[in-house]
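To keep things clear, I will list the structure first and then write my remarks on it.
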Amino acid sequence: ESLPEPDLFSGFFVEEIGNAVQTSDKNSNLKASNLLFKKLYILDNEKFIEEFLQKISVCKKFSFSIAIDHFEVMSNKILGIAFCLSKNEAYFLPFSKNFSEDKNLLKKFQKVFENEEIEKIGHQLKSSIVLLKRYGISVKGNLFDTSIAHYLLQPELKHQQDYLAEIFLNYHCIAFES
């Protein structure tokens with residue numbers, strides 16, 4: 001059975017919040033009612049990561065967002081990466097805060113980020129590209145940056161991801177604590 005073509009935006013703004021969270025941690029404190037997606041998968045073990053890598057490798061496009069410990073681009077560290085392959089389904093790859101361990105973990109994703117056939121979608125991609133380069137990843141392929149797109153459509157407004165989530169998705173972002 002082949003995977004359906006990812007549909008990142010069709011119907012995305014009107015879907016109901018669902019209640020599926022899958023993680024291997026039975027003590028997880030994630031609350032499904034706070035999620036924008038119907039399904040959130042935590043990539044917290046090798047089996048989940050390998051299954052996800054197989055799935056993302058055959059996509060034509062995916063979106064990603066990197067959670068960081070602070071906003072100083074040349075010294076920040078990755079806390080985790082969120083991926084979206086299709087509407088209402090998201091994946092989160094948590095990091096350990098140990099640079100060498102995290103670099104080894106991210107190396108598994110190198111082929112996906114460097115695949116020129118897969119389009120990457122994100123917000124303020126320049127910062128993400130610079131950060132991933134510090135971890136040994138060169139992002140390649142077509143890129144779609146939502147902050148640039150919003151600037152072109154409405155240059156007079158704010159372009160931060162939190163603001164866009166609130167006005168377009170009616171979703172209030174929760175701060176990520178490091």
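Before moving on, here are some points about what is shown:
- Some residue of segment 104-121 being touching a strand residue (DSSP E or B) at 6+ places or on another chain (Cβ under 6 Å), within 18 Å of residue 146 (Cβ to Cβ) and of a type in the set (A, V, I, L, M, F, W, C): yes
- Selection within segment 99-143 - touching a residue at least 40 places away in the same chain (Cβ under 8 Å) and among the aromatic types (Phe, Trp, Tyr): 109, 135
- Yes/no for residue 69 being among the acidic types (Asp, Glu) and at pLDDT 85 or above: no
- Count of segment 72-108 residues which are basic (Lys, Arg), within 21 Å of residue 40 (Cβ to Cβ) and at pLDDT 85 or above: 1
- Entry remark, segment 102-152: residues being farther than 21 Å from residue 55 by Cα and of a type in the set (Phe, Trp, Tyr) number 2 in total.
- Conditions (1) open to solvent by 20 Å² or more (accessible area, probe 1.4 Å); (2) out of contact with any Phe, Trp or Tyr (no Cβ under 9 Å at 6 or more places or on another chain): number failed by residue 61: (2)
- The lone criterion from (1) over 18 Å from residue 72 (Cβ atoms); (2) open to solvent by less than 50 Å² (accessible area, probe 1.4 Å); (3) at pLDDT 90 or above; (4) of a type outside the set (Gly, Ala, Ser) left unmet by residue 135 is number (1).
The values are calculated or read from the model by the stated rules, or taken from the named source; none is laboratory data. Because the structure is a prediction, the values reported are computed rather than measured. Using ideal geometry, Cβ is built from the backbone for each residue, glycine included, and neighbour counts are taken over all protein chains shown. Ligands, DNA and RNA are stripped out before the accessible areas are found, and what is left, the full protein with its side chains, is counted by its heavy atoms. Shrake-Rupley method; radii C 1.70, N 1.55, O 1.52, S 1.80 Å.
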